[in-house]
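Each value in this text was obtained by applying a stated rule to the coordinates, not by laboratory testing. None of the values given here were measured: they were computed from a predicted structure. Here the Cβ is made from the backbone with ideal geometry for all residues, glycine too, and neighbour counts use every protein chain on show.
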Amino acid sequence: MSNTSQPVSPKVAVVTGASRGMGRAISLHLAQLGYALVINDLTDNEQLQGLQQELEQAGHACLKQVGDIADLNFHSQLVKETLARFGVITTLINNAGVSVKVRGDMLAVQPDSFDRCIQINMRGTFYLTQTVAKAMIELIQAGQLAATPRPSIVFITSSNAVAKSIDRSEYCASKAGLSMIAQLYAVRLADEGIAVFELQPGLIETEMTQPSKPKYDRLIEQGFLAESRWGQPQEIAVTVGTLVEGGLPYTVGQVIRNDGGLNVKRF
């Protein structure tokens, strides 16, 4: 009997901004699904080291990559070292991002805060995706990536890709731009066999959202969300797992809103 089966490749996920919050939860969940992990953060901080230790002690393969995704030279290093260790990249989770330096009137936004949001949230993510996508295409053409589930890229954007917060306008602009980038990559890569999704988290209880928690606690009590509670990082992780494991076949550029109904119009 001839063997006409598709190649079976290991599952390898690159997760940016992995040391805490949603990135940490996503990394741990994908490991439970059988993925080898490439975990990235800006610095080799205690949280990143702790995540690596937790993964390895549980028997999961893990490669730590410390670097700034806004640094375009870092992208090729990340891909090169990932391929040297694991041979393939099957999944990219674009999770790294920053908020504004100071909330305030958009008429007072300073160029350094604006540029920081654009450089990290948009520009860096655009070019990292470009580098990883090229590597994926080469692997597909060489028959080294399995077609099922499809190689995948997930952009973690924000409810602020569509919801306007004028006290952090530069963040909103960067996430709106990233949302368009996700859609463009989805169309460009569909025929290459690469699935691209956008996930828009709403109010997720993480270290990043702690400074604004009292404000949103009050709003939640007043009916701000259809589901009156904060979302949890693990809930984002479960959604990501569904996407990368092929839970949404025959979809291109699907936008998933994990936001408790934040952006559902009501009257």
Which whole-Hz ³J(HN,Hα) couplings does region 222-233 yield from phi under the Karplus relation 6.51 cos²θ - 1.76 cosθ + 1.60, θ = phi - 60°, glycine and proline marked x?
8, x, 4, 10, 5, 9, 7, 6, 6, x, 10, x
Shape verdict for region 43-102, please, from the Cα gyration tensor: rounded (a/c under 1.5), prolate (a/b greater than b/c) or oblate.
oblate
Treating the Cα atoms of region 12-258 as identical point scatterers in vacuum, please give the log10 of the normalised Debye intensity I(q)/I(0) at q = 0.07, 0.08, 0.10, 0.18 Å⁻¹, two decimals.
-0.22, -0.29, -0.46, -1.50
Convex hull over the Cα atoms of region 129-267, averaged projected area in nm²?
9.5 nm²
Expected sort for 210-216, 161-167 on mean C-beta neighbours within 10 Å, highest first, is 161-167, 210-216
Net charge, P149 excluded, C-beta distance under 12 Å - Lys, Arg +1, Asp, Glu -1:
+1
With 10 angstrom as the radius, rank F267, F86 by how many other C-beta atoms surround their C-beta, starting from the fewest.
F267, F86
Starting at the first residue of region 77-82, write each ³J(HN,Hα) from the Karplus equation 6.51 cos²θ - 1.76 cosθ + 1.60 with θ = phi - 60°, in whole Hz, x for Gly and Pro.
4, 4, 5, 4, 6, 5
With the crude spin-label approximation of a point 7 Å out along Cα→Cβ, what separation in nm comes out for Q144 versus E235?
4.0 nm
Mind checking the full-extension length gain between V66 and L83? Use 0.36 nm per residue of separation minus the Cα-Cα distance, one decimal, nm.
4.5 nm
Describe numerically, in nm with one decimal, the distance between label points set 7 Å from Cα along Cα→Cβ at D44 and at Q210.
2.5 nm
Taking H as built 1.01 Å from N, whose amide H comes closer than 5 Å to the amide H of C62, not counting residues under 5 places away?
L37
What pairs from K11/K64; K175/K215; K101/K213; K134/K164; K11/K175 go past 26 Å between their alpha carbons?
K134/K164; K11/K175
I'd like the distance separating the alpha-carbon centroids of region 16-43 and region 124-139, in whole Å.
19 Å
Under-5 Å amide H pairs with R257, H placed in peptide plane, nonlocal only:
Q200
Proportion of all alpha-carbon pairs of region 6-121 beyond 23 Å (%):
33 percent
